[in-house]
Structures are given as C-alpha cells and as structure tokens.
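Below is one structure, written out as structure tokens, with a few remarks after it.
The values are calculated or read from the model by the stated rules, or taken from the named source; none is laboratory data. Model, not experiment: these values are computed from the prediction. Note: ideal-geometry Cβ built from the backbone for every residue, glycine included; neighbour counts use all protein chains shown. The area values use the complete protein model at the heavy-atom level, side chains included, leaving out ligands, DNA and RNA. Shrake-Rupley method; radii C 1.70, N 1.55, O 1.52, S 1.80 Å.
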Amino acid sequence: MPPKPRPDFSFESAALARGHSCVVGVDEVGRGPLAGPVTAAAVRLDPARIPDGLNDSKALTEARRNALCALILASADVSIAHATVAEIDELNILRASHLAMERAVKGLATFPDHALIDGNMIPKGIGCSAEAVVKGDARSLSIAAASIVAKVTRDRIMVDLAQQFPGYGWDVNAGYPTPAHLRALLDFGITPHHRRSFKPVHNILYQEHSITP
C-alpha cells in the first residue's frame, strides 16, 4: 500500500504566484468535545524555515506534536485564539469555530491577504481573500502547522482544567465524549466548562430540571 501523500507548499505557492504576498493557514480543534473552548490557530510559515515533518496533527504522536509546535512558534508568525463555552452555547459550534478562526487571523503580526482554511467553508468575517481546502491539514503545510499549534494549545488547556475538575479525565480525553467522561457527567454533574447546548449535557440538565419539585 503506497504511503499517504504528505502536505506540501503547493497551495501557498499558487496563491503567491497569483500575487498574494502574505498567505496563512488556518485550522481549529475542539468541535466535538462536550467541554472546553474551541481553539484556532493561524500560521504564516517562512518558506526558508519550514520545520521538517509537518503533517495533520491527528497523524502525529503527542511528543512529535509538542516538538513541532515549539519549532513552529520559533520560526513562523503564529496567532492562537478561542471561542468560549458560553459563545459555543450562544452561537452554535460551527459559528463559534469560525469566530475562533477569525480572531486567530486578526491576531497575526501581519494581516494576511490570503487565508487557506481547513474544511469546506470560509468564515464570513475572515477579512481577507480565502479558500477552503478540504482535508487541508493533510494537504497544506501551513494548515498542518495551524492544526498542530491549535491541538497542542487546546490539549494543554484541558490538562489544566483537569487539575481543577478531577474525575472527568480531560487530561486524557480532552473533553471528548468518551465512556468515562459520560459516566463522570452522571456521577459528578456538570461543570462550568461543559457545553450545555450539546446533547449529552443538555439531556442531563433537562433530567435534573424535570425531577426538581
């Protein structure tokens, strides 16, 4: 079986050839968890200093992600942003994910004139020329870099929250609905960091309210 193709710089090179001067990759992590923020990163790579081994964050070990994240932060223009649990519940997870992406782009040292967005939708408020790249974290080096930074950052947030709210396993499951996390919701209840609009959490809240005299 041939090896999977690795991300390359072709999307970036094509945008630069069309006349764009500042091209960034944008990705987010954390749409699926029941707890914690959604986190986005925007990365403008220096073509002369691209770290070796960039790939979709899901294809890398935790140790490799951490090492690459440090290299990306040391060699590229990087911006990290979040949408809070309250914003997720108010807006819905898709819009909150786009809001985090928009914030990440706006936080870069140099505002880009073209953004490569992971997925099939372009956030309405991105503020510059943009293209959606399906499975972009496995196809574009800039998006792969953004996926690594976003995941490492969010995982660290969830490890910190796990110290404050032990029992839910957030240091291991990052807030995703694992069987252990779902059991902990029933055993220990809902924390301020749980997304009340997500069905498993909403259902527990509804049950609690329905049995309250």
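Against the condition closer than 25 Å to GLY19 by Cβ and outside any helix (DSSP H, G or I), how does VAL105 come out, does it pass?
no
Could you tell me whether the range 76-89 includes any residue that is over 16 Å from ARG31 (Cα atoms), touching a His at 6+ places or on another chain (Cβ under 6 Å), in a loop (DSSP other than H, G, I, E, B) and open to solvent by 10 Å² or more (accessible area, probe 1.4 Å)? No, there is no match, as no residue in the range 76-89 is over 16 Å from ARG31 (Cα atoms), touching a His at 6+ places or on another chain (Cβ under 6 Å), in a loop (DSSP other than H, G, I, E, B) and open to solvent by 10 Å² or more (accessible area, probe 1.4 Å). Of the candidates ASP27, ASP52, the single residue that is open to solvent by 40 Å² or more (accessible area, probe 1.4 Å), at pLDDT 95 or above and either part of a loop (DSSP other than H, G, I, E, B) or among the charged types (D, E, K, R) (or both) is ASP52.
Out of all the residues in the range 132-141, is one or more under 16 Å from the mean Cα position of the chain (by Cα), closer than 30 Å to ASP46 by Cβ and loosely packed, with under 13 Cβ neighbours inside 10 Å? Don't jump to the end; show me each part of the working.
We begin by selecting, within the range 132-141, every residue under 16 Å from the mean Cα position of the chain (by Cα); these are 132-138, 140-141.
Add one more test, that the residue is closer than 30 Å to ASP46 by Cβ, and what stays is 132-138, 140-141.
Filter once more, keeping what is loosely packed, with under 13 Cβ neighbours inside 10 Å: 134.
Yes, the range 132-141 contains a residue that is under 16 Å from the mean Cα position of the chain (by Cα), closer than 30 Å to ASP46 by Cβ and loosely packed, with under 13 Cβ neighbours inside 10 Å.
Restricting attention to the range 30-49, the residues that are closer than 18 Å to ILE117 by Cβ and either out of contact with any Asp or Glu (no Cβ under 6 Å at 6 or more places or on another chain) or open to solvent by less than 30 Å² (accessible area, probe 1.4 Å) (or both) add up to 9.
Scanning the range 106-130 for residues that are hydrophobic (A, V, I, L, M, F, W, C) and crowded, with 24+ Cβ neighbours inside 10 Å, which turns out nearest to the chain's Cα centre (by Cα)? Across the range 106-130, the extreme among qualifying residues is ILE117.
Buried (at least 17 other Cβ atoms within 10 Å of the Cβ) and either of a type outside the set (Gly, Ala, Ser) or touching a Leu at 6+ places or on another chain (Cβ under 8 Å) (or both): does that describe GLU12? Working first, answer last.
Details: buried (at least 17 other Cβ atoms within 10 Å of the Cβ): yes; either of a type outside the set (Gly, Ala, Ser) or touching a Leu at 6+ places or on another chain (Cβ under 8 Å) (or both): yes.
The answer is yes for GLU12.
Evaluated against (1) touching a residue at least 40 places away in the same chain (Cβ under 8 Å); (2) in contact with a helix residue (DSSP H, G or I) (Cβ under 8 Å, 6 or more places away or on another chain); (3) of a type outside the set (A, V, I, L, M), GLY32 falls short on exactly one condition, (2).
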